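Step one of this worksheet: look at the structure below.
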Amino acid sequence: MRIKTFEEYQTAYKQSVDDPEGFWAEVAQQFKWRKPWKKVLSWDFNEATTKWYEGGEMNITENALDRHLEEKGNQIAIIWEPNDPGDEAVRITYSVLHDRVCRFANVLKKHGVKKGDRVCIYLPMVPELTVAVLACARIGAVHSVVFGGFSAKSIADRINDSACTMVITSDGAYRGNKVIPMKETVDNALDLCSTVKNVIVMTRTRTPVSMLKGRDLWWEEEVKHVDSVCPAEPMDAEDTLFILYTSGSTGKPKGVVHTCGGYMIFATYTFANVFQYEPGEIHFCTADIGWITGHSYIVYGPLCYGATSVIFEGVPTFPDAGRLWQIVEKHKVNILYTAPTAIRSLMSFGLQYVKDHDLSSLTKLGSVGEPINEEAWQWFKQNIGGSHCPLVDTWWQTETGGIMISPLAGITPEKPTYATLPLPGIQPVLVDESGNVIEGNDVSGNLCIKFPWPGIIRTTYGDHERCKQTYFSTYPGMYFTGDGCLRDEDGYYRITGRVDDVLNVSGHRIGTAEVENAINMHLGVVESAVVGYPHDIKGQGIYAFIITDTKPDDAEMFRKDISATVARIIGPIAKPDKIQFVSGLPKTRSGKIMRRILRKISEHDMNNLGDTSTLLDPAVVEEIKRGAL
Ligand code: PRX
């Protein structure tokens, strides 16, 4: 499965394009299947359908756990680093993890969870999160992990969209010096839901919680009374493994559906190759398991490959900005995979936090989630990687399941800020606004993928039409990523950012429409328009232009109130960084908001607003310019 040289990469790439089915069949043979597949691939992008390894029977947990027991039973699968550096880290071997997953799977079964049922998981970054995820997979239940920073309303929307019957949560969560209520948030969410029969609550902070008789159960009690044997449910490769909600340019977040076989193959193959994982290495991905990066590169990819994966509960700045480096030193981390936002933020604290720590264990670095600027790239490479560690800038999405364009560490020649070359099996194309494919090098356009790969999104939960519309209709016959991209003279790819109305704030994907809908629910707000603007640390900040029914008496207080509404409806990650009150918005005669103009104003690029003559009321632009923050 591992490519070792650039020549091997080139050969593998060519083979994957010439004979995709042969290529992916060969990769898949290295996994444990109960029954072989009947057909490697069938697809029709016009209908947004892709099926990999159909008829094949397997269970991802047999690949992530059982398969390793004989040779690696005593190897550490998970190192858990708690929020407080003074608390002891926990090391969990493959055999103990197997035992815990089987027990918890039996708890789920005991409470009536069956294959195909949806289970919502809302937990902090504790080992139980991985146990819960794998326990669902063990019995064929579909997990829907919701990031711990989302509000009760966001949780409720996600539970309702997929009719979850069970929620798994904790009493509270530690994040830096804060204790965050989790169960209480779930309780508030459940006031808006009717499908949930049980809530399992794990004890983390011993925050007082209300436990509803007949519905709520303590994790610790439940696992005492079950068996540690739980045969894995046989799953068809195309059975759903999980749903993960993500934001788009319109409406509510959609449930991206991934299936068992293809996702497993793709997450594992990309993990092994991009990070060039060597046996015994310690892999530390700083993402939260609530996002796709955590699913693929903390849980499934590393465990299916028999690696040791670090789970970190806290934040990079607690107790100080040296925390990540302290973890690297303490656990002798070899591979560090993080986000540009974290790098930029830690950079701003200065090198003294780095110098105190021995980072010599590091062999490879990775970046994900947003474009990495050259300064951050160089700082990471030089000061953290000691200039000798390969640095892989990995481009991919919730919908792709795994890394799509990235160097293979130490193999692909690097170029700062470039995701470089597509992985084997990935066929990127650039297209212009009219959908014409742009050939040749030194060009830029919208990034599409013209051939399926095993980790591709299968559908958006409960609404296949939406999947078709969002990804496969803009450029018929191709998967559209929503990203802009350039291909340089060497054929290297550099992702420049979203070309749709999706923001990337600190690596978190947020739809402008979602934020606007939340703002518009606030008393006194008539209308709003949200755009992203360049932010030194977050990559993008959220800039909201808001029309109110009367001029606010205390503008500052009103801003805070609006932020509180957004935090309540979506979560604190979606709070606007800047709010400008305006009397009108630049609209075309047909009533469409000209976001292009607002984006320019938010960037203070006032002289390049383009043609404003087609606006309903050009004077409004002058007013907005004068009030720009
Ligand atoms: O715009 C791209 C950006 O993040 C988007 C996907 O977000 P999400 O589904 O939340 O997944 C994030 C983690 C995989 C993409 O459409 N993005 C992700 N990685 C990069 C990136 N932009 C530039 N460079 C990257 N390496």
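Would you say Gly149 is of a type outside the set (S, T, N, Q), open to solvent by 10 Å² or more (accessible area, probe 1.4 Å) and at pLDDT below 95?
The answer is yes for Gly149.
One line per residue, one yes/no per condition, for (1) closer than 16 Å to Gly261 by Cα; (2) open to solvent by 40 Å² or more (accessible area, probe 1.4 Å); (3) touching a helix residue (DSSP H, G or I) at 6+ places or on another chain (Cβ under 8 Å):
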residue: Gln10; (1), (2), (3): no, yes, no
residue: Gln29; (1), (2), (3): yes, yes, no
residue: Thr49; (1), (2), (3): yes, yes, no
residue: Gly56; (1), (2), (3): yes, no, yes
residue: Gly73; (1), (2), (3): no, no, yes
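Can you name the number of the only condition in (1) of a type in the set (A, V, I, L, M); (2) within 15 Å of the ligand (Cβ to nearest atom); (3) open to solvent by less than 20 Å² (accessible area, probe 1.4 Å) that Val429 fails?
Going through (1) of a type in the set (A, V, I, L, M); (2) within 15 Å of the ligand (Cβ to nearest atom); (3) open to solvent by less than 20 Å² (accessible area, probe 1.4 Å) one by one, Val429 breaks only (2).
Does Leu391 satisfy the condition of being touching a residue at least 24 places away in the same chain (Cβ under 8 Å) and open to solvent by less than 20 Å² (accessible area, probe 1.4 Å)?
yes
Looking at the stretch 91-104 only, could you name the residues that are open to solvent by less than 20 Å² (accessible area, probe 1.4 Å) and in a helix (DSSP H, G or I)?
Hits for the stretch 91-104 are Tyr94, Leu97, Val101, Cys102, Phe104.
Quickly run through the stretch 153-190 and pick out the residues that are of a type in the set (Ser, Thr, Tyr) and either touching a strand residue (DSSP E or B) at 6+ places or on another chain (Cβ under 7 Å) or outside any strand (DSSP E or B) (or both).
Ser154, Ser162, Thr165, Thr169, Ser170, Thr185
Residue by residue through the stretch 219-236, note down the ones that are among the hydrophobic types (A, V, I, L, M, F, W, C) and open to solvent by 70 Å² or more (accessible area, probe 1.4 Å).
Across the stretch 219-236, the qualifying residue is only Val229.
May I ask you to list pairs of residues, at least six apart or on different chains, whose Cβ atoms are under 8 Å apart, with the first in the stretch 84-112 being in contact (Cβ under 8 Å) with a residue 12 or more places away in the chain and farther than 21 Å from Ile60 by Cα and the second being in a helix (DSSP H, G or I) and open to solvent by 40 Å² or more (accessible area, probe 1.4 Å)?
So the pair list comes out as Pro85/Gln326; Ala89/Lys330.
Condition check: more than 15 Å from the ligand (Cβ to nearest atom), aromatic (Phe, Trp, Tyr) and more than 30 Å from Gln15 (Cβ to Cβ). Does Tyr475 satisfy that?
no
Any idea which of Asn517, Asn441 is assigned to a loop (DSSP other than H, G, I, E, B) and open to solvent by 30 Å² or more (accessible area, probe 1.4 Å)?
Asn441
Across the stretch 405-419, what is the number of residues that are among the aliphatic types (A, V, I, L, M) and either in contact with a helix residue (DSSP H, G or I) (Cβ under 8 Å, 6 or more places away or on another chain) or more than 9 Å from the ligand (Cβ to nearest atom) (or both)?
Result for the stretch 405-419: 3.
Could you look through the stretch 247-286, keep only residues that are surrounded by fewer than 22 Cβ atoms within 10 Å (Cβ to Cβ) and of a type in the set (D, E, K, R), and pick out the one that is nearest to Thr308 (Cα to Cα)?
Among them, the one singled out is Glu281.
Please verify whether the stretch 450-472 includes one or more residues that are in contact with a Leu (Cβ under 6 Å, 6 or more places away or on another chain) and at pLDDT 95 or above.
No, the stretch 450-472 contains no residue that is in contact with a Leu (Cβ under 6 Å, 6 or more places away or on another chain) and at pLDDT 95 or above.
For the stretch 409-421, indicate whether the set of residues that are within 24 Å of the chain's Cα centre (by Cα) and either among the aromatic types (Phe, Trp, Tyr) or not in a loop (DSSP other than H, G, I, E, B) (or both) is non-empty.
Yes, there is a match, as at least one residue in the stretch 409-421 is within 24 Å of the chain's Cα centre (by Cα) and either among the aromatic types (Phe, Trp, Tyr) or not in a loop (DSSP other than H, G, I, E, B) (or both).
List, please: which pairs have Cβ atoms under 6 Å, are six or more places apart or on different chains, and start with a residue in the stretch 522-541 that is without any contact (Cβ under 8 Å) to a residue 60 or more places away in the chain and end with one that is part of a loop (DSSP other than H, G, I, E, B)?
Listed by first residue and then by second, the contacts come to Gly524/Asp549; Val526/Asp549; Gly541/Asp577.
The values are calculated or read from the model by the stated rules, or taken from the named source; none is laboratory data. The model shown is predicted, which means the values in this text are computed figures rather than measured ones. A quick note on method: Cβ atoms are made from the backbone with ideal geometry, for glycine too, and the neighbour counts reach across all protein chains shown. We work out accessible area using only protein heavy atoms, side chains counted, and drop any ligands, DNA or RNA first. Shrake-Rupley method; radii C 1.70, N 1.55, O 1.52, S 1.80 Å.
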